[in-house]
Amino acid sequence: MPEQERSLTTKVKRAVSSNPGEHILSVLKAGLATTPFCGGIASLMNDYIPSGKIHRLEQFAERLSEDLNRLKDRVDENIILTDEFAFIFEKCFRGVAENYQSEKLESFRNILVNSAIGTNLSEDEKEFFLNLVTTLSVLHIRVLKFMAHPLQYLEMQGIPADQIRGDFSQFFLIAMPDVDLEVIKSAFGDLHQYGFINTDKTVFSAMTSGQGLGLLGNRVSELGRRFIEFCSRPN
């Protein structure tokens, strides 16, 4: 390990305390102060991120600290000091620097929290899902969350569940009133290609015997549910 990286590791280990929220903030501060950390978060901050993005990163770190304090009994300090967590840490903070949408910021924060408390996902699966959060649009994430947890999604959006009536073409426009139906169908098709849902976009034009939320059924695949769980706030 290069001397500068060993120096950072020493700083991080010295910063470990009984408060995991403060610990993760100390990891962030150490990383931002040391150019080689995880490929150069400090360089990113100094050279590429305007003040607005720095403010977003600071807010993200504060909310992350609150989440970790809430789950402090489940945070594994040994996980936080691994190379795998350092990789996820850097990727998430880069994602926060590059994205402003609340859905993506929430996903990155939840990924870090879930990684800190431990998941049953392999290292390769975590990297795959993390890259997808960066690649997929907010609409993709919204569509998948609506299909996986419709009542929770509707509550978050302030949409009464009894408004979800009719077939896919009708109730998706109620669930996502600011998006054109053809765009929703395109995102739906992408999620099917990724293997996250087991129905293609022809369901929007198919004749159905039922209506409303009952049509969603179990259309989200096991892969899609693992992805959503990794990006969602732990219980």
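Nothing in this text is a laboratory measurement; each read-out follows from the coordinates by a stated rule. Note that the structure is predicted; figures quoted are calculated from it, not measured. Cβ: placed from backbone, ideal geometry, glycine included. Neighbour counts: every protein chain shown.
Any chance the stretch 197-209 includes a residue that's in contact with a Ser or Thr (Cβ under 8 Å, 6 or more places away or on another chain) and within 26 Å of residue 95 (Cβ to Cβ)?
Taking every residue of the stretch 197-209 in turn, at least one turns out to be in contact with a Ser or Thr (Cβ under 8 Å, 6 or more places away or on another chain) and within 26 Å of residue 95 (Cβ to Cβ).
Condition test on residue 164, is it more than 20 Å from the chain's Cα centre (by Cα), surrounded by 20 or more Cβ atoms within 10 Å (Cβ to Cβ) and either under 30 Å from residue 94 (Cβ atoms) or in contact (Cβ under 8 Å) with a residue 12 or more places away in the chain (or both)?
The answer is yes for residue 164.
Which one is farthest from residue 68 (Cα to Cα) among residues in the stretch 92-125 that are free of Cβ contacts under 8 Å to residues at least 40 places away in the same chain and crowded, with 21+ Cβ neighbours inside 10 Å?
92
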